[in-house]
1. With a cut-off of 8 Å between alpha carbons and a minimum separation of six or more residues, what is the relative contact order of the chain in percent?
2. Would you kindly derive the ³J(HN,Hα) couplings of the range 195-200 from the backbone phi angles with the Karplus curve 6.51 cos²θ - 1.76 cosθ + 1.60 (θ = phi - 60°), listing them in order in whole Hz, with x for Gly and Pro?
3. Using only helices, what value at 222 nm comes out for the chain when you add -39,500 (n - 2.57) per DSSP H run of length 4 or more and divide by the total residues, to the nearest 500 deg cm²/dmol?
4. In whole angstrom, how long is each semi-axis of the equivalent ellipsoid of the chain, when you take the square root of 5 times every eigenvalue of its Cα gyration tensor and sort them from largest down?
5. Report the calculated FRET efficiency for residue 321 and residue 448 (r = Cβ-Cβ distance, R0 = 45 Å), to the nearest 0.05.
6. What distance in nm separates the simple spin-label points at residue 228 and residue 53, each placed 7 Å from Cα in the Cβ direction?
7. Show which aspartates and glutamates lie in cross-link reach of residue 195 when reach means a straight Cα distance below 13 angstrom and same-chain residues fewer than eight apart are skipped.
8. Expected output is a single nm value to one decimal: the length gained when fully extending between residue 406 and residue 290, i.e. 0.36 nm times separation in residues minus the C-alpha distance. What is it?
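What follows is calculated from the coordinates using simple rules that are stated; it is not laboratory data. The structure presented is a predicted model; accordingly, all values stated were derived computationally and were not measured. Note that we place each Cβ from the backbone using ideal geometry, even for glycine, and neighbour counts take in every protein chain shown.
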Amino acid sequence: MTPLRPAKHSPRLLATLWAASSLLLAACGSGTPDAATGGGDETGSGSKSAWFTYSRAEEAPGTVAIGGLKITMRDGVQLSATVGLPADADGNALPGPFPVILTQTGYNKSIPAIPATNASLVRHGYAHVSVDVRGTGLSGGSWEAFGETEQGDYLETIDWAAKQSWSNGKVGTWGASFMAITQMFTAAHQHPAHKAMFAIVPMGDAYRDIVFTGGQVNVGFIPLWMGLVTGLGLIPAEPDPSVPLVLVDHLTSALTNFQVPLIAQSFLGTGGVNYDSAFWRTRSPLEYSDRIKVPTFIVGGLNDIFQRGEPLLYEAIKKNATSKLLIGPWQHLGGSSGEGLPRDNVPDLDSIALMWFDRYLKGIGNRAESVPNVTQYLWGEERYSTATDWPHPQARPERWYLRGDQSLTQAAPAAGEASRVGLQQPLNGICSTSTSQWTAGLLGATQIPCFSDNRVNEALLELSYTSAPMTEDYYFNGPIEADLWISSTGTDAGVLVRLTEVSEDGASHERSNGILTASFRAVDEGRSRVLKGQRIQPWHAYTEASKQPLVAGEPTLLPIEIFPTSVVIKKGSRLRITVSGSDFPHGLPPVTDLVDQALGLITFYSDADHPSSVVLPVVPVSAITRP
């Protein structure tokens, strides 16, 4: 393959610009933080750290994009690529070589509405390569969503990017969602050119995070996502004589090879895809996290579709590499852009990314490693706070019990307290916060009140247990477990637990939830999380061999994982737990299980012999810090 050459330019003009930019960088202290706002240690421990303002002068006034590039894979399939290069005011590429930012996307890199190139980074002296992964955009081949063949392409692509004439051999990876997930697999290859990654709202565990949460099909997101990838791959966004044939191949593959067959099998419960297996583990970055050695910055959201996996990825990667975690008050779309930043001294995502890549690709001593290890938005406080680690090092377990009088207390129930019966039906939750969350924030943008206040849904379809007003602020931060005693008139049941913050005006704000198909209740204690002697995050196998049908009418304990969150229930507000039989469209049983879970009644117990409860990771309010 002929290496890409920069556009023709005036040597005298470029030499002048290059010298001027070098002098300007030197005058700015090579991009060091503002001394008035800087802080933190130099060890990367985050133990004495604080956010600071980081900026430096751009190295170029403009950018130029060179498209039509083809990267030939080992089997002959060609991936479509575009490179953005720093340019002078006339649009001529500056002479390299440059450190490279690589973004690999399934959303068609050529569509401006879903940017795969960061122009700010390019103007600051980076080349930015954007690549359509196999079977998407303008690339050839068939798409199989992070499968082994696609992962092999990531290695060849970063190798190609490191060897081009405009590359200095150092590569960082950047991007959100799909473009964040590809980074994780790329890093696992441990290519020597890969020096850092900046992953915005990445997935951790394909099965548990998103596709089959609690053992149920996520019908809110999966068809939407696969339809998005397929639809964007049918748009001829660049003039290329090969485009019509590529688009026909994409459509044929979607209909017969992957997207449509996989969705059909998931809904029908056939082909084994409704169980956790090598198919899903291959597509789960957490399974590869021990191989990731590059400095990693992870951005997540408290109501993101990957709410569960983002902190788990940080926790795994920090063992082998400098890692940072920023979690905002975001659903997926808001998290992709870092909506609302800068705020509370936390910079915007582009500024953080520049600091990160300047440190690890350009070697600028800007102390990026000393920013706080963990920065989280706190519901209730409505601001960001920092910590040295996740889960919060000062967390301790505290158990709240569902009581027969519909209260929620830290005192265990007495003998004979009343149980409550709910209808087992599959369509609860349509008008709730989780519907907005699991459609990636799209429905939430409609501003329908029930997507931010669950009172209507609770009154119609859920059983509520509510604490007395808090006498002082109450802070919890991390993963949560619900231990519910239930029985069903059938041999299986879907069970939902919501955790909400009830403000003094009565509004019920959902902060997290968990769902579980009762027959998947078996727990692997070796992979579950224990906090000071109490299990607080159960790990379910979700295999066919692990299934345990219910015995109709027999009380059974269900350990349910509630996804991690960070909340301060303010003095005067209340904590509420609601339970029901479903959370549509977040979860729907496959057709093979639908009859067992859609018909009948569920009894929720609250007595001394069957003490249903929720265990929270409580943190002292005094531990709340300011960035």
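1. Details: 1601 pairs, mean separation 93.9, N = 627.
Relative contact order, the chain: 15 percent.
2. Karplus values, whole Hz, x for Gly and Pro: 10, 6, 9, 10, 9, 9.
3. Values: 14 runs with 137 residues, N = 627.
Dividing the helical sum by the residues of the chain leaves -6500 deg cm²/dmol.
4. Values: eigenvalues 403, 172, 69 Å².
Computed over the chain, the values are 45, 29, 19 Å.
5. Numbers: r = 42 Å, r/R0 = 0.93.
Efficiency, from the Cβ-Cβ distance: 0.60.
6. 3.4 nm
7. 159, 358
8. Working: separation 116, 0.36 × 116 = 41.76 nm, distance 4.47 nm.
Extra length available between residue 406 and residue 290 comes to 37.3 nm.
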